[in-house]
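Structure first, then comments.
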Amino acid sequence: MAAANVSHAQVATVPYRTELQEIVVTAQKRAENVQVVAASVTAERGEVLQARNQAQLSEYAINVPGLNVANLGKAGLSAVNLRGIASVSTGASVAAYVDETPIGSSSLFNYGANTILDLLPYDLERLEVLRGPQGTLYGAGALGGLVKYVLKPADVSGFSASVGADAETTEGSGSIGHTVRGVVNVPLISDQLAVRLSGYDREQPGYINNVWPGAVDKDVNSEHQRGGRLAVFWQPSPKLTVKGDIYRTEIDADDGGVVSFAGLTPVAAGSARIVKLSRPFGNLTQNHAFPQRLKKDVTLYAATLNWDANIALVTSATSYSEQRVKISADQSLAVRPFGFLFGVPNAMARADTSISLDKFTQEIRLASPATSTPLQWTVGAFFTDEQSQQGDPTRGDGVRLFRPDFTLAPGLNPFLTTALATEYQEYAAFGDVTWALTDTFDVSAGLRLARNEQSWVQTSGGAFAGPSAGTVTAPDSHENVTTWSASARYRLTPDVMVYGRVASGYRPGGPNAPTPAAPLSVESDSLVNYELGVKSNFLDDTVLFNATVFALDWKDVQLNAVRSGFSYLANGGDAKSHGLELTTSWVPVQGLVLGGNLAYTKSELKSVIADSNFVKGYQLPGVPKFAGSLNADYAWSPVEGWNAAVGGNWRYVDKQWLTGVQTGPSAAPAVEAPSYQLVNLYASVVRNNVRFKIFVNNLTDKAAQQGGLALIDLGNNPVQGDVYIAKPRTFGVGFDITFP
């Protein structure tokens, strides 16, 4: 994609896109210009995201066609899909990497579908988004694609440092939000050894009020993010480098950006249960007895060695990560009509769940030297071990029942507790080869052989558990999976390339809770992606135009199912997705860049098993048929020694279902969210090593519905609609100073 030429240690150059320029990415595990990769890839630089005041994955998606992020009200809690491959079970359909390291759960457990890593841009070199399955090089979970965060390395060439801060005010909030950030890079041995230390602290005040009698009622959704990173780069010889990273991020959210609705109007759609929401409880207002808190801590230790052994480039990537998540959910509306059954009229309930995930990974690969012609190849091996615990009664997890005065109901607590311990191990071998048949035409092929093994133990208890209390061990599961890819690219001119690609991907299966007549495990689901694309620069590199058409065939989709009154996961159907992705940039005059992107996606289930409530023929959840954006950036020098820039973007998202469309008395209705448009503006001035900026996000103050659901009670009756909205209109100012 287009980007400005900006040094990491300088802000005197305006960080917006002021010309079309090459970006080198590592999407295919080798350094390549993004415009020659035979796959659909978007890259955005961290400085550009920061200059636009884009701080979450849902905001990064503005300029990434085909990337849809269902905002779940809090940083670090979102559901992500690419090319319409929406997760309709508990496992993630999009994988996340930090440099060479996969992060997050690969299994069906641990809320993997909703807890993808969401990094702030302050120490980010670039964000790479790979559309379509990446199973050959990246393995499990990259069913719909991959989000890859590439962090800035320590620099051995010289000292640099920067410090910055922002202040912002949001409509509906009673206080000011702030961000402080800093980084220092210190060479310890010239041209050999350097360290880089960075940190940030971001606090956002709440803007949602609450009308539940007796509950916290003002600005309930404040949020605090903080983190830091220590990076080491060592180059003991010209052919050997070692990089080390320790990264820590913490998120504390008191509640989410939830707006509640009392009216749920059925939409005429046959047997499908779909509702539109009406009668909000108030402007920026929710209706909940208990705060729905989130605490999420992620720690990553990673080491990467690169060695040029002449006959091959050797890479070893080792990592260990810890993820700790604590989520609270208000269940009061579910139990309130039935509290009399437990001797507690108008009862309230809160569910607390903690998730711990410890993940070790090791990858070793060999690649052909950069000068290798006409063959380039990569071979490697990968191993991961995940130990996880979901729910821990010793930490206060479980469902607790309360009386209307917020005191615990006597003799009924804990009401229900569930603890799930799982282990996931995967072994894989992979390789790919590219053969240049001519100077302008080459073909590639790749293969990955993987095996995963899983175990599952659940312990339940509490007053409501009844006869099901106790420990249940599911039989261990294992599966062997093969993924593959093939592509061809042809350069019509040095600046115009056409390509075709066919690739497969998969999401692991795993054990099922032992229930009557249900299968003991669910198998992996898989898909095959077919795409044709063109990438081009023309008119003296003042115009960029990329276009891709794609079709995906998704088999054995993992769906929730019900048999004999028990829920389980099943390979419940088949789905198809097809569409078009466009990206363009144009430099009509020096300093002015106009751009835009568009995605059309048609994604739906084509068949569904009888045990599942899902309905075929409807767009999958969180997938708008149309989404796109327009942007403009202009930079100039108003007087000698000063630089200035202004810019903005407009985003359109079509209507969508916020949850999967289902049928039957036990199914929760899907919420039909209307289309929305968002406008953001930003500007900056630069003098020497100081940059000042001003921004306004959501200029027109649209309450865009970006996620949510219809709440049901224990009798499966809809009782309230909750939607997560885009952050209201926010004004902010900030500065950055660099040294030297």
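At a glance:
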| quantity | calculated |
| --- | --- |
| Share of pairwise Cα separations in the chain, more than 39 Å, in percent | 34 |
| Span from the the stretch 308-338 Cα centroid across to the the stretch 240-256 one, whole angstrom | 12 |
| Charge dipole of the chain about the Cα centre (unit charges at C-beta), most positive-ward option of 319, 379, 587 | 587 |
| Simple label model, 7 Å out from Cα along Cβ direction - residue 687 to residue 242, nm | 4.7 |
| Protection proxy ranking, peptides 425-432, 606-613, average beta carbon neighbours within 10 Å, highest first | 425-432, 606-613 |
| Within-9-Å neighbourhood charge of residue 251 [Cβ basis; K, R +1; D, E -1] | -1 |
| Relative contact order (%) - criterion: Cα under 8 Å, at least six apart; region: the chain | 13 |
| C-alpha center-to-center spacing [the stretch 358-426, the stretch 20-40] in angstrom | 31 |
| Per-residue Cβ neighbour rank within 10 angstrom, fewest leading, 525, 397, 219 | 219, 397, 525 |
| Hits among lysines - C-alpha to C-alpha of residue 616 under 28 Å, sequence gap 8 or more where chains match | 276, 555, 576, 602, 606, 625, 655 |
| Hits among lysines - C-alpha to C-alpha of residue 148 under 24 Å, sequence gap 8 or more where chains match | 29, 74, 243, 295, 296, 359, 535 |
| Charge tally in the Cβ shell below 13 Å around residue 180, where Lys, Arg are +1 and Asp, Glu are -1, residue 180 excluded | -2 |
| Segment residue 364-residue 269, length gained on full extension (0.36 nm per residue, minus Cα span) | 29.0 nm |
| Footprinting exposure proxy for 592, 620 (fewest neighbouring C-beta atoms within 10 Å first) | 592, 620 |
| Structure-based [θ]222 nm, the chain - -39500 (n - 2.57) summed over DSSP H runs of at least 4, per residue, nearest 500 | -500 deg cm²/dmol |
| Ascending count of other beta-carbon atoms within 10 Å, so fewest first, for 694, 311, 327, 712 | 311, 694, 712, 327 |
| Cut-off under 5 Å, modelled amide H: who pairs with residue 513 long-range | 569 |
| Formal net charge of residues neighbouring residue 396 (Cβ-Cβ distance under 15 Å; K, R +1; D, E -1) | +4 |
| For the chain, with +1 on Lys and Arg beta carbons and -1 on Asp and Glu, the positive-most of 662, 682, 329 along the dipole | 662 |
| Cβ-placed point charges (K, R +1; D, E -1), dipole of the stretch 24-739 about Cα centre in debye, nearest 20 | 900 |
| Within the stretch 353-414, chymotrypsin sites (Phe, Trp or Tyr not before Pro) in DSSP loop having at most 14 other beta-carbon neighbours inside 10 Å | 406 |
| Extension reserve of the residue 176-residue 342 stretch, reckoned as 0.36 nm per residue once the Cα distance is removed | 55.3 nm |
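Read the figures in this text as sums done on the coordinates, not as results from a lab. Every value quoted in this text rests on a predicted model; they were computed, and no experiment measured them. Every residue, glycine as well, gets a Cβ built from its backbone with ideal geometry; the counts of neighbours run over all protein chains shown.
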